[in-house]
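The values are calculated or read from the model by the stated rules, or taken from the named source; none is laboratory data. Please read these numbers as outputs of a predicted model, since none were measured by experiment. Quick reminder, even Gly has a Cβ in these numbers, built from the backbone with ideal geometry, and neighbours come from all protein chains shown.
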Amino acid sequence: MLDLFHSFWWLLFPLSWVAVAGWNAWLAHKARRDAMDLIQTYVRSGRDAPPELLARLNRA
Amino acid sequence: MEDLFRSYWWLIFPLSWFVYGGFQSWLSYRANRDTLELLKSYAASGREPPPELVARLNKRWNYDLDDDRYDGPRRHRRERGWYHVVLFGVLCLGFTYAATSDLYEAGPAFLIVAFVMGALSLASLVSVLTGRGPKV
């Protein structure tokens, strides 16, 4: 096991990067979902959502 | 186990950076969610939210909400891009020196790190010159 780690320790870097990218993508998905949820609340109350909120859907 | 730590103690620093980045993203996401929750309360009660609160939506969720650099003028983003080019470039030079002089008898390991730093520097340079960068 230690020999394996000595040979492939550098794999920690790309794997960590992939893990962080996946984590950020998951948070971005949750942020978009929250924004959609808020827009739905505006629609239900019969009002227009602020343009900043709509613009956010293209960025988050 | 002690030998392993003596050989790879320096891995604590880059790996801590990854953990810190993930934690910062999580905190920024929480702040963003709290803002949306507050706006939701305003919408549900039929009141207009304060413009300052709505203005917070213009910040990207995965950056520090008090940090204007990412959403500020394009010039600031370019300056930050050059900062990364220089930072990673100098780190690449340092690790190349460590690799060629076989510092701590770990030349091959330093060579890999030098490659990574060089790649990051080049990627930052391309990002600055083309005016584009990763969104995440």
* Structure fact -> A careful count of residues in region B:20-49 that are exposed (fewer than 12 other Cβ atoms within 10 Å of the Cβ) and farther than 30 Å from residue A:42 by Cβ gives 2
* **Residue check, residue B:98 modelled with pLDDT of 90 or more and not basic (Lys, Arg)** => yes
* Asked: Do the conditions hold for residue A:28, that is, is it within 8 Å of another protein chain (Cβ to nearest Cβ) and either in contact with a Ser or Thr (Cβ under 7 Å, 6 or more places away or on another chain) or buried (at least 18 other Cβ atoms within 10 Å of the Cβ) (or both)?
  -> yes
* Residues in region A:33-55: is at least one over 22 Å from residue B:50 (Cα atoms) and not polar (S, T, N, Q)? -> yes
* Asked: Inside region B:1-71, counting only helices (runs of 4 or more DSSP H) that do not spill past its ends, which hold 3 or more residues that are at pLDDT 90 or above and in contact with a strand residue (DSSP E or B) (Cβ under 7 Å, 6 or more places away or on another chain)?
  -> none
* To do: Go through the residues of region A:4-21 one by one and say whether even a single one is more than 28 Å from residue B:116 (Cα to Cα) and exposed (fewer than 12 other Cβ atoms within 10 Å of the Cβ).
  => no
* To do: Please enumerate the residues belonging to region B:24-35 that are over 12 Å from the mean Cα position of the chain (by Cα) and more than 9 Å from chain A (Cβ to nearest Cβ).
  => B:27, B:30, B:31, B:34, B:35
* Structure fact -> Of (1) in a helix (DSSP H, G or I); (2) more than 7 Å from chain B (Cβ to nearest Cβ); (3) aliphatic (A, V, I, L, M), residue A:49 satisfies every one except (1)
